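The structure appears right after this line, and notes come after that.
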């Protein structure tokens with residue numbers, strides 16, 4: 001079986017880019033992997049670790065050779081995507097498939113329009129829902145995407161052959177590929193990911209400024225650990241996300257703040273019935289979510305990965 | 001070696017009470033364990049499971065026989081403690097040690113004063129920092145308190161022999177015993193436990209009312225699961241805690257809300273520097289906390305439990 005992809009170029013060799021490069025090499029889902037990083041040491045380290053076949057700091061070294069069946073994956077922080085697109089524009093043939101992994105899709109779509117003046121069919125925007133507290137080239141993990149979701153957000157302009165290729169790229173490394181509109185993606189991630197991160201950062205910042213800080217951290221229980229783990233995420237990445245998804249994030253923060261204010265009022269008024277109603281409803285919703293996750297996991301177990309090394 | 005405790009009476013055979021009963025029996029840290037529950041079936045089940053030696057629905061069956069060296073552990077929801085204390089008052093000798101496991105200590109201290117008119121030396125208020133999503137007699141777990149913290153909040157009135165006995169009771173089941181004032185306990189738990197629970201309940205309630213609810217739960221990632229796990233906690237227990245620790249909880253909610261509002265403003269103003277500063281500070285605080293936990297865990301490993309079955 002032929003690998004679906006010819007050359008895979010990964011721009012940005014952090015956790016997200018490095019893991020796709022490594023997984024694609026191990027599954028042999030492309031003929032070769034070229035890594036692009038700003039720092040020569042990152043390029044050297046990626047080669048040493050076997051994450052890429054080749055690596056360079058200069059995209060011009062490889063961009064002109066690419067054609068149909070080749071894929072460029074842009075894996076840089078959300079607000080750096082525009083700079084990368086502007087650099088690629090003049091160098092890359094319209095036959096090459098370009099995709100990205102940024103956490104916000106509306107801002108990237110605006111970047112595309114700013115750089116190209118329109119949305120070229122070769123562009124397939126996407127977002128792998130995977131991550132870890134670790135970052136950098138050393139964190140690359142061939143199993144990062146296994147049974148994780150990747151959301152693609154094609155537009156009317158997206159070419160079906162390009163969409164198909166990006167879908168194959170993610171499926172080859174074990175991901176479940178879903179599609180959403182750009183707006184739905186940003187609203188849903190704003191609620192399920194960006195809002196919880198904003199809350200966790202605000203909570204830890206609150207406790208870190210309390211006069212009882214040392215005691216607070218000393219007596220904190222396990223639930224607190226789970227609850228604040230996401231506040232250890234990369235600060236620059238999250239700064240970018242909040243600035244890129246402003247509208248959806250503000251909307252989510254406002255809804256949440258109104259609910260918290262209502263709960264505050266019920267506590268202040270000692271409104272026992274109202275509190276019990278809120279907590280019972282939330283518990284039922286969370287238990288429903290646990291159920292959905294359990295069902296999802298059962299469906300995800302029998303994933304069979306194509307192995308493009310098997311020439312049959 | 002003699003067990004430090006004669007008869008241990010556990011009132012309320014849920015997770016907290018049942019686990020102390022079972023662990024005390026297994027470590028032989030008392031001569032016998034008597035369970036008290038409101039439902040005869042709970043009594044029967046606790047005996048079947050070997051959690052208690054005897055069980056009854058009527059505290060009067062056992063209260064009059066108790067004396068110095070015996071301990072009564074009240075393990076009922078926070079707002080039910082007063083009713084239990086009122087029932088015990090006329091039945092129990094002043095020589096008997098009485099302690100509790102409620103999550104809020106200021107409200108229990110008020111209950112004590114309301115029932116007794118003063119704080120008797122025999123009363124040692126406490127709070128085991130342990131829990132699980134499970135509840136009920138079936139959830140009893142002999143290792144629940146192993147390497148977990150128990151905070152005791154003695155007052156000037158507390159008798160040292162009673163404090164010593166309660167301390168021994170918890171150490172015998174593997175817990176690390178600490179002391180705080182009632183006010184510090186309620187402030188610290190308000191910030192590290194009650195506030196995060198209020199936030200988690202409010203967040204899940206917010207998402208459950210969104211027009212995108214089904215999609216929100218479908219696309220939610222692992223961080224969201226950790227973040228909202230505590231919203232699956234028992235609704236009645238948390239209603240009681242919020243009503244019992246009103247002052248500290250409102251103070252904590254107000255500090256957090258002010259911080260979240262400042263972050264919202266920075267996002268709305270696209271204030272990149274301010275956001276990076278908040279996120280960097282929060283990440284540093286969370287990383288410091290992770291370090292404290294790791295150090296604490298190392299200290300906790302070489303715990304050697306006394307075994308009161310060894311008669312030497």
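Every number in this text was worked out from the coordinates using simple rules, so none of it is lab data. The model shown is predicted, which means the values in this text are computed figures rather than measured ones. Methodologically, a virtual Cβ is constructed for each residue, glycine included, from the backbone with ideal geometry; neighbour enumeration extends over all protein chains shown.
Say a label goes 7 Å from Cα toward Cβ at residue A:113 in every copy; what distances in nm does this one have to the rest, shortest first?
6.4
So if we plug the beta-carbon distance of residue A:95 and residue A:28 into 1/(1 + (r/R0)^6) with R0 = 22 Å, what FRET efficiency do we get, rounded to 0.05?
Rounded to the nearest 0.05, the efficiency is 0.45.
Summarise the partner chain shielding of A:177-190 as one whole number: the mean count of Cβ atoms from other chains within 10 Å of each residue's Cβ.
2
For chain A, what is one quarter of the convex hull surface built on the Cα atoms, given in nm²?
18.9 nm²
Considering every Cα-Cα pair within the stretch B:163-209, what fraction, in whole percent, is farther apart than 15 Å?
Distances greater than 15 Å cover 63 percent of the Cα pairs.
Calculate the radius of gyration of the Cα atoms of the stretch A:1-141 to one decimal place, then report Dmax, the largest Cα-Cα distance, as a whole number, both in Å.
14.0, 40
May I ask you to report, in nm to one decimal and beginning with the shortest, the distances from residue B:251 to the same position in the other copies, taking label points 7 Å along Cα-to-Cβ?
3.8
What's the extension gain from residue B:138 to residue B:271 if we count 0.36 nm per residue and subtract their Cα-Cα distance?
42.6 nm
So how compact is the stretch A:185-269: Cα radius of gyration and Dmax in angstrom?
14.5, 41
If you rotate chain A onto chain B, whose Cβ in A ends up lying nearest the axis, and how many Å away is it?
So the closest residue, with its distance, comes out as A:226, 2.
For residue B:147 and residue B:179, compute 0.36 nm times the residue count separating them, minus their Cα-Cα distance, and round to one decimal in nm.
Length gained, residue B:147 through residue B:179: 9.9 nm.
So, in Å, what gap is there between the alpha-carbon centers of the stretch B:160-215 and the stretch A:167-245?
For the stretch B:160-215 versus the stretch A:167-245, the Cα centre distance is 22 Å.
Work out Dmax and Rg for the protein assembly as shown from the C-alpha atoms and quote the Rg first, both in angstrom.
Looking at the protein assembly as shown, its Cα Rg and Dmax stand at 28.8, 92 Å.
Sorted by mean Cβ packing within 10 Å, highest first, what order do the peptides A:15-23, A:121-129, A:180-188 take?
A:15-23, A:121-129, A:180-188
Full-extension gain between residue A:118 and residue A:262, please, as 0.36 nm times their residue separation minus the C-alpha to C-alpha distance.
The span from residue A:118 to residue A:262 would gain 47.3 nm if fully extended.
Between residue B:213 and residue A:40, what is the label-to-label distance in nm when each label sits 7 Å out along the Cα-to-Cβ direction?
5.9 nm
Roughly how far apart, in whole Å, are the Cα centres of the stretch A:88-107 and the stretch A:47-79?
First find each Cα centre; the distance between them is then 12 Å.
At R0 = 60 Å, how high is the FRET efficiency between residue A:48 and residue A:284 if r is their beta carbon distance? Nearest 0.05 is fine.
Rounded to the nearest 0.05, the efficiency is 0.70.
Relative contact order of chain B: what whole-number percent is it, with Cα pairs under 8 angstrom and at least 6 residues apart?
Over chain B, the number comes to 19 percent.
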